[in-house]
Structure formats: C-alpha cells, structure tokens
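Read through the structure below, which is laid out as structure tokens, and then see the notes.
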Amino acid sequence: MDRRRFLTLSAVAMVGLTALPALKPAFGASKLEEEVQKRLGVALSQVKESPEVKLTAPTIAESGANVPITVESDIPIDKVEQLWIFVDKNPSPWITDVKLTPMNGRVFFSTRIKMGETSNVRAILKLKDGSFVMATKEVKVTAGGCG
Amino acid sequence: MSLSRRDFIGVSALGLSALTLAPYAFARKPLSFEKLMEFKPHGNLTLVFTSDIHGHLKPLYFAEPMNLLAPEPLRGTPGYLTGMDFLKYYNIKPGSVEAYTGSCVSFIKLAKLYGKTGGAPQMATIIRAIIEERGKDKCIVLDGGDTWVTSGIAVKTDGMAIVDWLNYVGYEYIVAHWDVTVGKEKFLDIVKNKLKAKFISYNITEEPFGELVFPPYDVIEKNGVKVGIIGSSFPFTPIANPRKFTEGWSFGVRPEELQKYVKELREKHKVDLVILLSHDGLPLDIALMKQVKGIDIVISGHTHDVTPTPVRVGDTLIVSPGSHGKFVGRMDLEVRNGKLQSYRFKLIPVLSEVVPEDKGAKKLVEKWYKPYEKEFNEVIGTTHTLLYKRDTVFSTWDRLIGEALEDYYHGVDAVMSLDVGTSPGFRWGTTLLPGQKIKVEDVYDVLGLTYPEVYIMKRKGKDLLALWEDVADNVFNPNPLYQQGGDMSRIYGVEYELKINAKQGERIRNVRIKGKPLEPEKEYVVAVYGGPPPMGVEPEKKNIREIVVDYIRKKKEIHIDVKKALNVKVLDHPYNIDCYWR
C-alpha cells in the first residue's frame with residue numbers, strides 16, 4: 001500500500017516537474033486570453049484600447065440574465081472587418097462575433113447578453129489593415145440592493 | 001470672463017451667509033423667520049427646491065450622520081463630510097442653526113435649543129414667501145423625488161396626502177425613486193392624473209426597445225429666460241427595490257443620452273439655461289458632470305447630502321438640499337445672453353418653531369391625518385437613547401429592529417433560534433431624542449415600506465458573506481458610477497471587520513455569528529425585510545412594523561449603548577460614535 005502510494009505520488013510529481021515548463025504559458029493564460037488567441041489569432045496583450053470604439057453598457061446591470069450593450073464606432077465601415085464581444089468572467093467568455101460589410105452603413109451593433117457575475121465586457125474590432133481596437137467597460141452584477 | 005464674475009458673486013454670497021451666521025451662533029432661540037429667510041435678491045430667475053421629503057408632512061427631528069465612510073479617492077469630498085469636517089469645509093460655526101441642521105455635532109443639545117425641523121405648513125410658508133417676493137413669473141419650483149413615500153401618512157394614503165400638498169404649493173417639476181413603490185399603476189395614475197407638477201425622466205425607458213416612458217425634459221420660459229429642465233430618476237430603482245414596481249422599465253446612468261438631450265436643448269430649443277433635476281445622489285452626480293458638459297445647475301437628491309455652497313465641476317454647479325423637509329433651497333440666477341452669469345444660493349433651514357405655518361397647508365395636513373390620529377399617536381414606550389437611522393454601517397434604530405426580530409423569532413425549539421437579522425441601509429427615518437416618547441407613527445416613519453413583509457429563511461454562511469460583500473461594493477466602490485447611494489445593511493447578531501478600500505469580495509473580515517466564526521457550509525437562520533422578496537419563502541404573519549411596535553410595547557424603556565452595541569470594526573477609516581453627544 002505504502003509503496004504503491006509512494007510510486008503514484010512520485011509519478012505525479014515527475015509529470016508535474018517535466019510538464020510544467022512546457023505547459024506554463026497555457027496555465028498562466030486566463031480563459032479570456034485563450035479565447036481571444038483562438039478567435040482573433042493574436043494575443044489579448046496586442047489588442048489596444050481605443051476611444052474610436054464606443055461600448056455602451058450599464059454600470060450596474062438591472063439583471064445579469066439580460067444586459068443591454070451597444071457597440072458603435074465612427075471608423076468608416078469599409079475599413080472594418082469584424083467585431084467580437086467578450087465577457088471576461090463568464091464561464092465561456094466569447095459572446096459573439098459579427099462580420100461587417102459596407103452594407104451595414106456604419107459600425108453599430110446592439111444586443112443583450114448574459115453575465116454570471118461582475119466583469120469587464122470587451123468589444124474588439126478588427127480593421128482591414130489587420131490591426132485591432134478595443135473598448136472595455138465594467139458591468140456590475142449585483143444581488144444586494146439597498147435604497 | 002463670465003466665469004470669474006460668477007466666481008466672485010458666488011464667493012461673496014458665501015461670505016454673506018457666513019456673516020449672517022455669526023450673530024446667532026450659540027445664541028438662544030429668539031431667531032426670527034425674517035432672519036432665516038434673509039436673502040439679497042439677485043438676477044432674473046429663482047429656483048426654489050426641495051428633495052427627499054420622504055413623506056414628512058409634520059415637523060420631526062432628523063440627525064445627519066456621524067459617519068459617511070468613503071473609499072480613499074472620495075475621502076474629504078462633498079457627500080462624505082460629517083461632523084467637524086463638514087463644519088470646517090463650509091466654514092460653519094459650531095452651535096449655529098447651520099451646524100444643527102447640517103451636521104451631527106452636538107445634535108442632542110442643539111435639537112433641544114432649536115427644536116424640530118421640516119413640516120409641510122412651514123415649507124409652504126417659505127416657498128410661497130419666495131414666490132411672493134420674486135413674482136411667480138421669475139420662479140421655478142422643483143422637487144428631487146422620494147417625496148410621497150416612506151412615512152406613516154404616506155403609507156396610509158398611498159402618497160396622496162403629499163401629492164395634495166405638492167399641488168397646493170404649486171410644484172412644477174419632479175422625478176422619482178421610492179415614489180414608484182406605491183405600485184406601478186398607482187404611480188402612473190399619480191403622475192398622469194393627480195399630480196400637477198410635470199414628471200420628467202430621461203432615464204426611464206420601456207423594455208426591450210427603449211421608448212421613453214415620460215418626457216425626458218421640458219422647456220419653460222420664465223421672465224424672458226428660456227430654461228431646459230432634464231429629469232433623472234434614481235438609476236438603480238429596479239435593483240434597489242422589488243422589480244415588480246418597475247416591471248418592464250429600464251433605468252440606469254446614461255451619460256451619452258444625457259449629453260444628447262443637453263445638446264438638443266441648446267441647439268434645437270435654444271435654451272439659455274440647462275438644469276438637471278436628479279435623484280442620482282451627490283457623489284454620482286459629481287462623477288457624471290465630469291463626463292457630461294453643458295449643464296448649468298444640478299439639483300441633486302437621493303443621498304440626502306446638505307451642500308451649504310454649491311459643488312463645482314467645470315462650469316456646472318451642483319446643489320443638494322438635504323432631506324426630510326429640513327431645507328428649502330433658493331438659488332437666484334442672473335441669466336443673460338444665453339448664459340448663466342452669476343448666482344446667489346442659500347439652503348433655508350426649516351426650523352419648525354420659527355417658521356410660521358401656512359394656514360391652507362395646515363388644514364390640508366389635518367384633513368389627511370384625521371382618520372389616523374388615534375393609531376399614530378398611541379405611545380408605546382420611551383427611548384433613553386438617541387434613536388437615529390443615518391450612518392454607513394450602524395444605527396440605534398436598526399439595532400432596535402434587530403432586537404425586535406430576535407425577540408419575535410424566539411425559536412421553535414431549544415436548538416434553533418434566530419442567528420442573523422438584517423435591516424437595509426436606507427437613508428430615511430425619523431430621529432427620536434433621549435427621553436422622547438415613542439409613538440406608533442415613529443415606527444411607521446422609520447419603516448414606512450409598502451412591502452413591510454418579514455421573511456425567515458436558512459442560508460449558508462458562504463452565501464450570506466457573498467451577499468454582504470455585494471452590498472459593501474454597492475456602498476464602497478471607489479467609482480461613484482458603480483455605487484447605489486445607500487448605506488451598508490445593518491447585520492444584527494453578527495460582528496465583523498470592514499476594510500472599505502479592499503477589493504470587492506475582500507472587504508468583510510473575521511465574521512462572527514453569535515460570537516463564533518462564520519462557517520461557510522453551516523446553515524444559519526436569517527430574518528430579512530425591505531429587499532426583493534426571496535423566492536419560495538412565505539412571509540411571516542406579522543410585518544416588520546408590527547414586530548417592532550410589539551417589541552417596544554413589551555420593553556417600554558429603550559436603552560441602547562452605542563459603544564457596546566456597535567458590531568462593526570472599521571479597519572481603514574476613522575469611525576465616530578460621540579458626535580451627537582458632544
């Protein structure tokens with residue numbers, strides 16, 4: 001028993017030791033960072049916040065089940081390719097992505113999203129030149145109320 | 001140019017009020033009505049306003065808080081000033097009427113000296129006197145909401161007693177928060193059919209498509225000045241109060257939309273002056289005015305703050321006229337060439353024994369009170385402690401309510417009894433002086449909810465803690481746009497340490513329930529009232545008012561030692577417990 005236990009333990013330790021260096025980036029990345037990398041093809045750290053993207057959302061949600069958000073931008077529509085929306089702390093941070101064409105007239109997208117807890121909401125635009133711009137806003141999801 | 005001129009007159013007005021203060025600082029009563037009203041008329045337009053009357057038609061005592069705990073970035077700013085700090089900031093002499101009405105300092109002594117404040121007949125006298133002096137065509141009369149609710153007479157008459165008074169005085173504009181808790185249908189009936197004042201709100205829209213429910217603003221011409229008035233109702237009403245009162249409506253803080261309406265008023269309607277009549281709360285309005293440009297004056301209700309001089313953010317002046325009928329705000333404005341040039345401002349203290357009663361308003365109050373006098377005037381006990389409600393984390397009224405809940409739920413068997421009783425951190429409620437008799441109406445005035453049901457339920461330690469952390473973030477978030485403007489829930493049976501500048505989820509520490517450390521997985525018996533009704537729990541047979549009235553009746557003599565009863569240790573902010581008694 002003891003011997004067997006020792007062996008499994010050391011095996012775990014071994015795996016841990018050997019695996020750690022190689023896997024470290026994956027462990028360190030948050031679910032959000034993974035999702036952004038997967039869907040945008042770039043790291044979140046390379047996406048810059050910009051006043052060119054306007055994200056409207058409540059400061060405190062009236063219901064986490066139904067949070068109205070609006071993304072707009074004055075960047076000419078023919079320079080914009082795609083829009084993504086993420087919620088950092090949702091179990092699945094990716095909410096949606098929208099392909100934009102000149103037929104859209106301008107960058108304007110309004111929807112309602114679900115939020116499990118207080119979190120940042122992000123709207124990221126990919127421009128035709130390959131760059132990304134982002135707006136972030138914290139939305140508080142609260143149960144406690146007092147007047 | 002116009003700025004410095006405005007500055008000059010603003011400052012000189014302050015100097016004036018400071019001067020007039022001095023003679024009756026520490027003076028004994030004979031204070032005249034004329035002295036209280038003293039105001040050198042100025043300019044071509046006058047705003048007359050009140051806010052957060054909270055249904056009080058009769059004079060009462062109302063103590064300003066000993067503590068307004070502020071997150072670090074907001075410390076020492078209007079909205080968080082109490083006691084001597086408040087007096088120093090506004091250059092007010094201790095012992096003066098202004099000190100009595102605006103701060104906690106020596107409240108008990110000064111209350112005996114100056115008497116009660118507020119009262120509908122007294123407020124009517126002041127408002128009508130200003131209108132008479134200036135002429136109706138120069139005055140706009142406004143109220144910032146929390147008006148026909150949360151008192152005995154408000155509960156009994158569905159707010160109509162106060163609505164009747166508003167019509168009598170001639171109020172012209174109003175916004176809302178608790179006012180919706182008469183019920184959505186009744187609320188709509190009041191604002192559409194009963195109330196003469198115009199109800200305006202830019203931030204109430206229909207779900208899900210966002211059509212406005214009420215006019216967002218109104219344009220009015222007075223004495224040749226074109227004024228645009230935008231209304232803002234309490235942005236977090238759907239969360240702070242049960243959802244049924246606002247079902248289908250969305251509220252919120254909406255800086256972009258507000259900016260759009262300001263622009264519309266300036267460009268389309270060519271107004272000379274833009275006023276925001278707001279129930280956002282002072283800290284939120286200060287933060288909001290850093291984002292929204294072009295508003296001249298904000299009349300800011302909700303947080304019950306007293307601003308003896310306006311708070312300036314850029315070119316915007318923000319004033320908050322206190323609560324419970326303690327003040328009538330007067331602001332004289334010189335508006336010329338489409339611009340606010342200068343102003344003079346005063347919060348007129350409504351000392352009930354000094355201000356003569358308006359006969360018509362008095363008759364109106366008597367008429368509405370008549371059916372309830374007997375019930376309201378029943379004496380149920382005597383308090384030997386100052387019973388106050390306002391404070392960020394603790395109050396004697398809430399302590400008494402906690403005791404009453406514990407006593408009501410004495411346990412169905414020897415093993416189980418109430419562990420925790422929570423009382424919401426509302427900012428309204430009457431104050432009783434030591435030695436004062438407690439009447440049934442006083443309990444109504446502190447628990448004047450249209451939903452007074454009590455719920456007793458079991459909750460796990462970790463869930464309770466998460467809930468309290470949530471409330472703490474609504475109170476202590478360093479960004480006012482994320483605060484709800486209420487105080488911390490009062491948690492009876494629980495002791496804890498509070499670090500207000502910690503991250504969300506880490507503010508509440510070393511929680512002890514009935515003297516033992518909180519166990520995350522243990523189920524506790526909890527009594528609650530005044531929040532959204534918990535799902536699947538039937539309300540108790542007795543409501544919170546009945547429970548408290550019965551308890552006071554049984555105990556008769558109420559003694560609470562603040563030092564002993566205080567259950568919160570604040571780790572990173574001073575906490576005062578003697579201001580009232582100094």
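Computed from the coordinates by the stated procedures, all read-outs in this text should not be read as laboratory data. It should be emphasised that the depicted structure is a prediction, and the values quoted were computed from it without experimental measurement. All Cβ positions, glycine included, derive from the backbone under ideal geometry; neighbour counts span all protein chains shown.
Overview of values
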item: Two-site FRET efficiency, residue B:192 against residue A:106, from Cβ-Cβ distance with R₀ of 22 Å, rounded to 0.05; result: 0.05
item: Antiparallel content of DSSP bridges confined to chain B, in %, to 5; result: 65
item: Shape category assigned to the protein assembly as shown from the gyration tensor of Cα positions, a/c cut at 1.5; result: oblate
item: Approximate spin-label separation residue A:117-residue B:495, in nm, with each point projected 7 Å along Cα-to-Cβ; result: 3.0
item: DSSP-loop GluC sites (Glu not before Pro) across region B:193-251, with at most 10 other Cβ within 10 angstrom; result: B:211, B:247
item: Fewest-first ranking of B:261, B:529, using other Cβ atoms within 10 Å as the exposure measure; result: B:261, B:529
item: With Cα atoms, 0 to 90° folded angle of helix B:461-476 axis to chain B main axis; result: 20
item: Computed over chain B: relative contact order in percent, which uses C-alpha pairs under 8 Å that are six or more apart; result: 18
item: Helix B:359-369 vs. chain B, principal-axis angle (Cα, 0 to 90°, nearest 10); result: 20
item: Principal-axis tilt of helix B:544-555 within chain B, Cα atoms, nearest 10 degrees; result: 60
item: Kirkwood Rh in Å, taken over all unlike Cα pairs in region B:169-314; result: 15.8
item: Nonlocal amide H pairs with residue B:582, under 5 Å, H built at 1.01 Å; result: B:106, B:107
item: Relative contact order (percent, whole number), region B:439-525, Cα cutoff 8 Å, 6+ residue spacing; result: 33
item: Part-to-part distance (alpha-carbon centres) for region B:301-333 and region B:524-582, which is given in Å; result: 30
item: Span from the region B:189-209 Cα centroid across to the region A:66-144 one, whole angstrom; result: 32
item: Average projected area [Cα convex hull, region B:2-366], square nanometres; result: 17.0
item: Cross-link pairs B:156/B:374; B:437/B:541; A:54/A:126; B:374/B:556; B:516/B:563; B:93/B:339 - those with Cα-Cα distance over 23 Å; result: B:437/B:541; B:93/B:339
item: Violating pairs (Cα-Cα greater than 29 angstrom) within the set A:79/A:140; B:88/B:290; B:184/B:263; B:35/B:192; result: A:79/A:140; B:184/B:263; B:35/B:192
item: Region B:378-581: antiparallel DSSP beta bridges as a percent of all, rounded to 5; result: 75
item: Spatial separation of Cα centroids for region B:335-376 and region B:76-97, in angstrom; result: 24
